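All remarks here apply to the structure that follows.
The values are calculated or read from the model by the stated rules, or taken from the named source; none is laboratory data. This one's a predicted model, so the numbers in the text were calculated from it and none came from an experiment. Every residue, glycine as well, gets a Cβ built from its backbone with ideal geometry; the counts of neighbours run over all protein chains shown. Heavy atoms of the whole protein, side chains included, go into the accessibility calculation; ligands, DNA and RNA do not. Shrake-Rupley method; radii C 1.70, N 1.55, O 1.52, S 1.80 Å.
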Amino acid sequence: MAYWLFKTEPSAWSWEQQKKKGTKGEAWSGVRNYQAANNMKAMQKGDLGFFYHSVEEKRIVGIVEVSGLYRLDPTDEKGKFGLVEVKAVCDLPSPVTLAAIKAEARLAEMVLVKNSRLSVQPVTPAEWQIISTMGGLT
């Protein structure tokens, strides 16, 4: 299993909206960055991801599961980019802020710290465990 982080502006697509989709999930569409698209191409069903509210909140608020593999994104008129399907798994009992992540020395090499603009990014198993603990899951 691999781990990921999905960034979204809560005014565009929020954790509450994601949860309302239930087990059906929702297409993670609109990604127009080649590196993020390559990350989605590498995803497998069952991979887990942190759901990150960007802009003003800058915090991880929940966990999603990849429920559908990479396919073309119908919102991309040029047909160059794709999407994956994700479904909500659970809330993070204590949301983890970007400031808290940056303050944790063991997370200094995390993509979120090094390249915070990337909308879909990998998370190492060690980073996943640290943040899950920070968020009250373990």
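Assorted remarks:
- Boolean, residue 112 is touching a residue at least 40 places away in the same chain (Cβ under 8 Å), assigned to a helix (DSSP H, G or I) and either of a type in the set (A, V, I, L, M) or over 20 Å from residue 1 (Cα atoms) (or both): yes
- Selection of first residues in the stretch 116-138 that are more than 14 Å from residue 49 (Cβ to Cβ) and of second residues that are part of a helix (DSSP H, G or I) and open to solvent by 60 Å² or more (accessible area, probe 1.4 Å), restricted to Cβ pairs under 6 Å at least 6 apart or on distinct chains, gives the following pairs, ordered by first then second residue: 130/106.
- Checking residue 133 against (1) farther than 21 Å from residue 45 by Cβ; (2) surrounded by 14 or more Cβ atoms within 10 Å (Cβ to Cβ); (3) out of contact with any helix residue (DSSP H, G or I) (no Cβ under 7 Å at 6 or more places or on another chain); (4) of a type in the set (Val, Ile, Thr), the condition it does not meet: (2)
- Criterion: at pLDDT 95 or above, touching a Ser or Thr at 6+ places or on another chain (Cβ under 8 Å) and surrounded by fewer than 16 Cβ atoms within 10 Å (Cβ to Cβ) - qualifying residue of 45, 102: 45
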